[in-house]
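The values are calculated or read from the model by the stated rules, or taken from the named source; none is laboratory data. Not measured: the values here are computed from a predicted model. With ideal geometry, Cβ positions are generated from the backbone for all residues, glycine too; neighbour counts draw on all protein chains shown. Note: accessible area is taken over every heavy atom of the protein model, side chains too, but ligands, DNA and RNA are not part of it. Shrake-Rupley method; radii C 1.70, N 1.55, O 1.52, S 1.80 Å.
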Amino acid sequence: MKTIQILTISFVLLFLSCKEDKPANNEQEPVTISTFYLIRHAEKDRSDAENADPELTQKGLGRAMHWAEILDEVDLDAIYTTDFNRTSMTAAPTSVKKNIDMQYYDPRTIDIAQFKMDNLGKKVLVVGHSNTTPDFVNKLIGEEKHGQIDDSENGNLYIVQLVNDIATDSKLNFNCNCPE
């Protein structure tokens, strides 16, 4: 059953990651497709309530590796993460596997129009937080559709495609079954 689920997910991600230039209308204008994969960081260490920048738990490390496997078939061009241990640790296995340097962003000050332009026609992974990830998705699609993620939820994958700036989005959820 797990193999079927992984194959189905891989097929969906592979399909979504395809980039094709084809006529948009009768005038043969090229189509530009930008695809964004947005996730929240994996499970963080909550043992010290005073620690504002905790690392991942063992389960979180397993989930980070799981994300790298899920995104294996996607030809990513860029990886963005906030400047926190938990987000950079979540992105690290994918970064290493794809040989892509992580770029840091500040969700409070990001210029979404410039971000879209900088990543035009690319496939991009963005790692954020329970409040910043849905907000980032909403900014990319231009509507207030997704609310804050519950603090216990670490398995959401949002996929946003911009086809000549027309946005579509989907939300998938992955259980990790990673050891505690």
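Binning at 5 Å from 0, report for the stretch 103-180 what percent of all alpha-carbon pair distances ends up in each bin. Histogram of Cα-Cα distances, whole percents per bin: 3, 13, 26, 26, 18, 9, 4, 2, 0.
Rounded to the nearest Hz, the phi-derived 3J(HN,Hα) couplings of the stretch 141-155 under the Karplus curve 6.51 cos²θ - 1.76 cosθ + 1.60 (θ = phi - 60°) are 8, x, 8, 8, 9, 10, x, 4, 7, 4, 4, 8, 9, 10, x, where x marks glycine and proline.
The stretch 64-105 and the stretch 132-177 have Cα centres spaced 17 Å apart. For the stretch 106-121, 3J(HN,Hα) computed residue by residue from phi via the Karplus equation (6.51, -1.76, 1.60; θ = phi - 60°) reads 10, x, 6, 10, 5, 8, 5, 5, 5, 4, 4, 5, 5, 10, 4, x Hz, glycine and proline entered as x. Sorted on the mean count of surrounding Cβ atoms within 10 Å across their residues, most packed first, peptides 61-67, 152-158 read 61-67, 152-158. Each residue of the stretch 164-176 was assigned a 3J(HN,Hα) from its phi angle through the Karplus expression (A = 6.51, B = -1.76, C = 1.60, θ = phi - 60°), giving 6, 6, 8, 9, 10, 9, 9, 10, 10, 10, 10, 7, 8 Hz with x at Gly and Pro. Using only side-chain charges placed at the Cβ, +1 for Lys and Arg and -1 for Asp and Glu, the dipole size of the stretch 119-162 relative to its Cα centre rounds to 360 debye.
For Leu157, the residues 5 or more places off, or on other chains, whose built amide H falls under 5 Å of its own are Leu172, Asn173, Phe174.
On the stretch 68-119, 44 percent of the accessible area sits on carbon and sulfur atoms, based on a 1.4 Å probe.
Report the paramagnetic label zone for Asp48: residues of the stretch 73-93 whose backbone N is under 15 Å from a point 7 Å from Cα along the Cα-to-Cβ axis. Flagged as within label range: 85-86. Within the accessible surface of the stretch 126-180, defined with a 1.4 Å probe on protein heavy atoms only, the carbon and sulfur portion equals 42 percent. For Val126, the residues 5 or more places off, or on other chains, whose built amide H falls under 5 Å of its own are Tyr37, Leu38, Ile39, Tyr80. With protein chains left intact and a 1.4 Å probe, residues in the stretch 39-81 average 48 Å² of accessible area per residue.
At the listed q of 0.23 Å⁻¹, the Debye profile of the stretch 46-160, built from one uniform point per Cα, gives log10 I(q)/I(0) equal to -1.59.
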